Amino acid sequence: MLTGSVKEALRLGADGVSLHINIGGKEEPEMLADLGNISEQCHEWNVPLLAMMYPRGENIKDPHDPEIVAHSARIGAECGADIVKTLYTGDIDSFSKVVESVPVPLVIAGGPKTNTDMEILQMTEDAMNAGAKGVTYGRNIFAHSSPEKIVEALAGIIFKNQSAKEVASIIDI
C-alpha cells in the first residue's frame with residue numbers, strides 16, 4: 001500500500017524514494033503496479049528509486065535460491081529502479097551470478113540479527129567480493145552493543161576493500 005507520492009516526498013525534502021516489493025506472494029500484482037507508478041513518477045521528477053525486492057510469499061520455497069533472488073532483483077531493475085536491495089544468497093559464486101544478471105547496482109539486506117559480529121563482517125566481505133555495491137543493515141547495527149564500531153568495521157570492508165579479519169580488531173573480535 002502506497003502512503004505517499006514522489007511529489008510529496010520531494011516536498012518533505014527527500015533525496016530519493018524506496019519501495020518494498022514481495023515477489024511470489026498474493027500481493028505481488030498490486031506491489032508491481034505500485035512500483036511501476038512510483039518508478040514513472042521518479043523518472044518524471046528525476047528522483048532516485050531504491051526497490052527493495054524480496055522473494056517472499058506462498059509461492060516461494062527458498063527465498064535465498066539464487067535463481068529466485070536474481071529474478072526478483074531483475075524485476076526491480078526492469079521496472080525502473082536505480083538501485084535494488086535484495087537478499088544475499090549465501091555465497092560469493094551464487095551472488096555474483098545474481099549481480100551479473102541485474103543491470104543496476106545491488107545492495108544486500110542484513111536479514112536477521114547475526115549470532116556473531118564475524119558473521120555480518122564476513123557476509124559483507126563476501127557480498128562485496130561478489131559485486132554488491134553496498135549493504136543496507138538495520139538490526140545488525142542498531143541492536144549492536146557498539147554501533148559506531150560495527151559501522152567503522154563495515155566501512156573498512158566496503159570503502160577500503162579490507163577483509164573481515166582485518167577489521168575485526170575494530171570491534172575487538
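The values are calculated or read from the model by the stated rules, or taken from the named source; none is laboratory data. Note that the structure is predicted; figures quoted are calculated from it, not measured. Please note: Cβ atoms are built from the backbone with ideal geometry, for glycine as well, and neighbour counts cover all protein chains shown.
All of ASN115, ASN129 fail the test of being at pLDDT below 95 and of a type outside the set (Gly, Ala, Ser), apart from ASN115.
Residues of the range 1-48 that are touching a helix residue (DSSP H, G or I) at 6+ places or on another chain (Cβ under 8 Å) and polar (S, T, N, Q): SER5, ASN22, GLN41.
Filter the range 86-130 for residues that are among the β-branched types (Val, Ile, Thr) and in a helix (DSSP H, G or I) and give the result.
The first filter runs over the range 86-130 and keeps only residues among the β-branched types (Val, Ile, Thr), leaving 86, 89, 92, 98-99, 102, 104, 107-108, 114, 116, 120, 124.
ILE92, VAL98, VAL99, ILE120, THR124 - these are the residues of the range 86-130 that are among the β-branched types (Val, Ile, Thr) and in a helix (DSSP H, G or I).
Report, by residue number, each residue of the range 91-101 that is of a type in the set (Val, Ile, Thr) and either surrounded by fewer than 23 Cβ atoms within 10 Å (Cβ to Cβ) or modelled with pLDDT under 95 (or both). ILE92, VAL99, listed by residue number.
Is there a residue in the range 148-158 that is modelled with pLDDT under 95, surrounded by fewer than 16 Cβ atoms within 10 Å (Cβ to Cβ) and outside the structural domain of MET52 (by TED's automatic domain parsing)? Walk me through it before giving the result.
The initial filter retains those residues of the range 148-158 that are modelled with pLDDT under 95, namely none.
Within the range 148-158, none of the residues are modelled with pLDDT under 95, surrounded by fewer than 16 Cβ atoms within 10 Å (Cβ to Cβ) and outside the structural domain of MET52 (by TED's automatic domain parsing).
Applying a threshold of 8 Å to beta carbon distances and a minimum spacing of six or more residues, or different chains, the list of pairs starting in the range 11-40 at a residue that is free of Cβ contacts under 8 Å to residues at least 40 places away in the same chain and ending at one that is outside any loop (DSSP other than H, G, I, E, B) and among the hydroxyl-bearing types (Ser, Thr, Tyr) reads HIS20/TYR54; ASN22/TYR54. What do you reckon, is ALA9 crowded, with 19+ Cβ neighbours inside 10 Å, over 25 Å from PRO112 (Cα atoms) and modelled with pLDDT of 95 or more? Against the criterion (crowded, with 19+ Cβ neighbours inside 10 Å, over 25 Å from PRO112 (Cα atoms) and modelled with pLDDT of 95 or more), ALA9 qualifies. Taken over the range 50-66, the criterion of being of a type in the set (Gly, Ala, Ser) and part of a strand (DSSP E or B) is satisfied by ALA51 alone. If you go through the range 27-52 and keep only what is touching a Lys or Arg at 6+ places or on another chain (Cβ under 9 Å) and surrounded by 16 or more Cβ atoms within 10 Å (Cβ to Cβ), you end up with GLN41, LEU50, ALA51, MET52.
Yes/no per residue for (1) more than 15 Å from THR136 (Cβ to Cβ); (2) more than 18 Å from the chain's Cα centre (by Cα); (3) at pLDDT below 95:
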site: LEU35; (1), (2), (3): yes, no, no
site: HIS43; (1), (2), (3): yes, yes, no
site: ALA51; (1), (2), (3): no, no, no
site: GLU58; (1), (2), (3): yes, yes, no
site: ILE75; (1), (2), (3): yes, no, no
site: THR86; (1), (2), (3): no, no, no
site: THR89; (1), (2), (3): yes, no, no
site: VAL107; (1), (2), (3): no, no, no
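Only one entry of GLY80, GLY76 meets the criterion of being in a loop (DSSP other than H, G, I, E, B) and either in contact (Cβ under 8 Å) with a residue 60 or more places away in the chain or within 19 Å of ILE23 (Cβ to Cβ) (or both), and that entry is GLY80.
Pairing residues of the range 149-171 that are in contact (Cβ under 8 Å) with a residue 24 or more places away in the chain and closer than 14 Å to GLU119 by Cα with residues that are charged (D, E, K, R) and assigned to a helix (DSSP H, G or I), at Cβ distances under 7 Å and at least 6 apart in sequence or on separate chains, gives ILE150/ASP117; ILE157/GLU125; SER163/GLU125; ALA164/GLU125; ILE171/ASP117; ILE171/LYS149.
Only residues that are surrounded by fewer than 22 Cβ atoms within 10 Å (Cβ to Cβ) and closer than 14 Å to ALA109 by Cα were counted in the range 70-84, giving 1.
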